[in-house]
Amino acid sequence: MDKYEILVAGVGGQGVIFISNVLGYAAQRAGYKRVVGGEIHGLAQRGGSVASYVRFGEGVYGPIVPLGCADIIIGLEFMEGLRHINRLSKNGALVLSNVRVPTMGMMVNNLAYPNSLNVLSKLQTLFDRVFLFESRNTPCHFGSLGLENMILLGAIVNHFLDFPIGEEDIQESIKTLTKKNMVERNLEAFQAGMKLRPLIT
Amino acid sequence: MSAETIAMASPGTEGYVLGNEAVARGAIESGVWFVACYPGTPSSEISDTLCKLSGEFGYEFEYSANEIVATEAAAGVALFGGKSMVIFKGAGFFVASDALFHLVLGRLCGPMVIVACDDPSMHSSSDEVDLRMLAQAGSIITLVPSNVTDAKEMTIEAFKLSELMRVPVLIRMSTRLCHQRGFIKLGDIPKRRDNRMDWDLLKGKWERFVPMGGDPVRGEMLKSIEVIRRTKNIFEDNKLNKLVRAKSDIGILTCGVTYGYSQEAIKLLDIEASMLNVGTIYPLPEKLLKEFIQELKTLIVVEELRPYLESYIRALAKDVKPDLQIFGKWNGYFPQAFEYDTTIVMNSISKAMNINVPMEYKEIEKRTDFVKEFTFPRDPVFCPGCPHRATFYAVKKVTKDKAIITQDVGCYSIGLTPPFKMGDIVLCMGGSIGVACGISYFNDRPIIGFIGDSTFFHAGLPGLINAVHNQADFTLIILDNGTTGMTGFQPHPGNDSRGRERLAKKIDIENIVKAIGVEDIKVVDSYNIKELMDATSDAIAFRGVSVIISRRACSIISRRENQRKGLKVVAYQIDSNKCEGCWLCIEKFGCPAIERDGEVVKILSESCNGCSVCAQICPFNAIFKEDTNGQI
Ligand SMILES: Cc1ncc(C[n+]2csc(CCOP(=O)(O)OP(=O)(O)O)c2C)c(N)n1
Ligand code: SF4
Ligand code: SF4
């Protein structure tokens, strides 16, 4: 594959930047010469949106995925994944987690969180490749809380045959980037993700 | 992880780093002696990385009280032969500019590099000033990197250039470069030395630097112009400018991150164009630019913010290439405001060249419209247990939206958003005090100013002195959470540490306020709603300047402290038999640890920071601490 563009989105504290870094290192291990990332994380600490881009291959220079060019969007939080849909290419994969974090506006105004299955069945009329994974509540030795990023990554590597980075490259970069006491947990969660089937395809 | 990547001393290895971290590495490879900063997004990772590594690589690091004292300290080091760096965001440049604009008139004995970060699209700023214009106004030599590799290399070049020219050199970054990641090759790091100023070596080099009015400073001014002329010559033929000629009479002129976007855009549009990316932005390489346009029929200028390059090239072209067709901001082909990306650049070029864009934007728009219905904006909120939330709640209870509220810059700006919506004006750092002072001369309603502790030290002191001296009448609430929260928890003069566990002298806010002559001062616990409300009523009644110091550690900091000490926070709980579902704790208080759960609310125990404030305000006493059954 000569070029691949990934968009990772979520809320502060979900590890958006961490999995982007894992993907960046892994892409280099997989032999891509040009790897460029970009992130916007102004107020992630205070529950804001976080999005990050990982782009690699021929002709990649800037940090931002152009409109309609992402090969995959990884939404660690359901609504955050949807938010960036204008960057997804027609044949791109939209991969969403079932983690749902209501916004303060929704809480204050008592608005219901959108029903995932309803949204997705409509989205399937616009995109060929829409997937929902139950990354929260995945059976996982250490519990899945806070490890949804690793779980979703495992699911993607296993499920998408066209994903250009393999299991080994990802595992090696997880080992490089994780603090010692967390390596085992992260790898375990990644493996648990690899066993995951999408709830809706 | 990142500071570790930067620290991997072995030259030749590669690290996947932020643009900001690349600058930090460049400073370390240049053997910097002294780094000073005042934090500010998007610049903070440069200084935070340099703070973390200052012990390991043996240079001095200071979180300064504000940007101008940071600049002065760095100037002191460089004027007397050291190597210094000063770092801030774009607005920090405004604060530092008094020092900077004068400093260019002196002759440094060691190099000094200024790093300032613009924020196109104002992701975390409230201005879109183009620092290139300010640099030009102040005759400050300026380099603009366009990617992560550049960021490191230009930092190293900036130190060399500053040493050669004996004036400070500015590296102008921007958000998308600061927070861009890429692989850089790590270079050698000079051996650790005991850096001391060598007065013998300075003999003959050091010139007294006193650019006072009149002839002495006129002389310095002429020397300064000569420095810029010599620098321009160096820039004419310099690897910091990248020229790629194509077999085409179309040329594209870029600066900073627009270089990458333009490369991608012409690839997507499948057109050939020569490209010149200008890295030496002040002074501009006049000859190089002239040569570049000589062979063109059409020039497209792609730069964010003001038409800096475009204005210059239009003036040049009048003389050397009057029939050159130029597309840019002047004739409306490129947007005047906000950041660019490949999409914007591609669309603008296609308009200029009258060619089709190979994208189905109609389709994309349709999809975007479709999800709009399901995506709500996610504004930042006060963390669970944030002391600011309690303060705003109490003040709102007392003032009932009748007071005029001057706000300032920090996490407490979140008080402007629902559920509090408190704040009539935010001007600039420290503005809460000066603005309140002005309003108070002509107004009888209560006026309340909010300012954070870091901001108070940064720019609040002169304002408060002025207001007390001039007998203004308002209430200032200093939100003392013991840190610079908004920008990532850097220490400030009110802390007893100066970063990396080095001890510091703690400056006491209460004593300062007393010394300034404020006669009505109260220190209250931000977690005590009753105390806060009483203090607010009293302060409003007092004629003259009153100060309330609302004190409680930022809950992120206290959570970290607790974790470090192995203490477990005891979460609060709802007694669902007592909860009447009045939603006050959600709709009027808005702690994100509280959620609706059918007819009642529930508290997410893993998010609760145990501040107790929801329990104090619940009208039905339905909230209690997990292990104390019914009592706070
Ligand atoms: C001149 C200038 N320098 C730096 C900043 C970046 N900045 C925004 S808020 C802030 C300080 C926040 O600290 P504090 O006032 O203590 O409030 P907190 O966020 O802790 O509530 C800083 C440094 C800025 N906006 N303007
Ligand atoms: S970081 Fe600290 S000061 Fe800022 S919102 Fe969170 S608790 Fe409040
Ligand atoms: S005690 Fe109440 S207000 Fe404080 S953090 Fe917990 S839930 Fe939020």
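The values are calculated or read from the model by the stated rules, or taken from the named source; none is laboratory data. Being a predicted model, the structure only gives us computed values, none of them experimental. Methodologically, a virtual Cβ is constructed for each residue, glycine included, from the backbone with ideal geometry; neighbour enumeration extends over all protein chains shown. Surface accessibility is based on the protein's heavy atoms, side chains included, excluding ligands, DNA and RNA. Shrake-Rupley method; radii C 1.70, N 1.55, O 1.52, S 1.80 Å.
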Next on the checklist: Of the residues B:Arg367, B:Arg378, only one is in a helix (DSSP H, G or I), touching a strand residue (DSSP E or B) at 6+ places or on another chain (Cβ under 8 Å) and within 13 Å of chain A (Cβ to nearest Cβ); which?
Outcome noted: B:Arg367
Checklist entry - Just to be sure, is B:Gly610 on the phi > 0 side of the Ramachandran plot and more than 11 Å from ligand 3 (Cβ to nearest atom)? => result no
Item to check | Enumerated helices (runs of 4 or more DSSP H) restricted to the range B:134-231, each holding at least 1 residues that are at pLDDT below 90 and either farther than 24 Å from B:Leu305 by Cβ or in contact with a Pro (Cβ under 7 Å, 6 or more places away or on another chain) (or both) | outcome: B:199-202
Item to check | Residue under evaluation B:Leu476, criteria (1) over 20 Å from B:Ile529 (Cα atoms); (2) more than 13 Å from ligand 2 (Cβ to nearest atom); (3) out of contact with any Cys (no Cβ under 7 Å at 6 or more places or on another chain); (4) touching a residue at least 40 places away in the same chain (Cβ under 8 Å), criterion not met | outcome: (1)
Checklist entry - So, in the range B:247-272, of the ones that are away from chain A (no Cβ under 14 Å) and either open to solvent by less than 10 Å² (accessible area, probe 1.4 Å) or in a strand (DSSP E or B) (or both), which residue ends up farthest from B:Ile171 (Cα to Cα)? => result B:Ile250
Checklist entry - Mind checking which residues of the range B:417-442 are within 16 Å of ligand 2 (Cβ to nearest atom) and within 13 Å of another protein chain (Cβ to nearest Cβ)? => result B:Thr417, B:Pro418, B:Pro419, B:Phe420
Checklist outcome for this item: Here, strands (runs of 3 or more DSSP E) confined to the range A:47-101 with at least 2 residues that are closer than 25 Å to B:Met486 by Cβ are A:49-57
Item to check | Close pairs from the range B:47-63: first surrounded by fewer than 19 Cβ atoms within 10 Å (Cβ to Cβ), partner part of a strand (DSSP E or B) and not aliphatic (A, V, I, L, M), Cβ under 8 Å, at least 6 apart | outcome: B:Glu60/B:Phe34
Checklist outcome for this item: Out of (1) open to solvent by 30 Å² or more (accessible area, probe 1.4 Å); (2) facing chain B (nearest Cβ under 9 Å), the one A:Gly31 does not meet is (2)
Next on the checklist: Please pick out the residue among B:Val144, B:Val244, B:Val169 that is of a type outside the set (Ser, Thr, Tyr), within 14 Å of chain A (Cβ to nearest Cβ) and under 27 Å from A:Gly62 (Cα atoms).
Outcome noted: B:Val244
Next on the checklist: Out of B:Gly581, B:Gly590, B:Gly566, B:Gly598, I need the residue that is surrounded by fewer than 17 Cβ atoms within 10 Å (Cβ to Cβ) and within 21 Å of B:Pro418 (Cβ to Cβ). Which one?
Outcome noted: B:Gly581
Checklist entry - Just wondering, is there one or more residues in the range B:379-388 that are away from ligand 3 (no atom under 16 Å from the Cβ), over 15 Å from B:Met533 (Cβ atoms) and not assigned by TED's automatic domain parsing to the domain that holds B:Lys89? => result yes
Checklist entry - Taking the stated definitions as given, is B:Lys397 modelled with pLDDT under 95 and away from ligand 1 (no atom under 16 Å from the Cβ)? => result no
Checklist entry - Inside the range B:452-482, can you point out the residues that are assigned to a loop (DSSP other than H, G, I, E, B) and either within 16 Å of the chain's Cα centre (by Cα) or within 16 Å of ligand 3 (Cβ to nearest atom) (or both)? => result B:Asn481
Next on the checklist: I need the full set of residues from the range B:524-555 which are within 16 Å of ligand 3 (Cβ to nearest atom), in a loop (DSSP other than H, G, I, E, B) and open to solvent by 10 Å² or more (accessible area, probe 1.4 Å), in order please.
Outcome noted: B:Tyr527, B:Asn528, B:Arg552, B:Ala553, B:Cys554
Item to check | Residue among A:Gly13, A:Gly42, A:Gly59 that is modelled with pLDDT under 95, more than 9 Å from every other protein chain (Cβ to nearest Cβ) and open to solvent by 10 Å² or more (accessible area, probe 1.4 Å) | outcome: A:Gly13
Next on the checklist: I'm told B:Ile404 meets every condition in (1) touching a residue at least 12 places away in the same chain (Cβ under 8 Å); (2) within 14 Å of ligand 1 (Cβ to nearest atom); (3) open to solvent by 10 Å² or more (accessible area, probe 1.4 Å) except one. Can you identify the failing condition by its number?
Outcome noted: (2)
Next on the checklist: Looking for something closer than 23 Å to B:Cys611 by Cβ, surrounded by 15 or more Cβ atoms within 10 Å (Cβ to Cβ), touching a Gly at 6+ places or on another chain (Cβ under 7 Å) and not charged (D, E, K, R) - is there at least one such residue anywhere in the range B:500-516?
Outcome noted: yes
Item to check | Hits in the range B:407-420 (condition: open to solvent by less than 20 Å² (accessible area, probe 1.4 Å), outside any helix (DSSP H, G or I) and more than 16 Å from ligand 3 (Cβ to nearest atom)) | outcome: B:Gln407, B:Asp408, B:Gly410
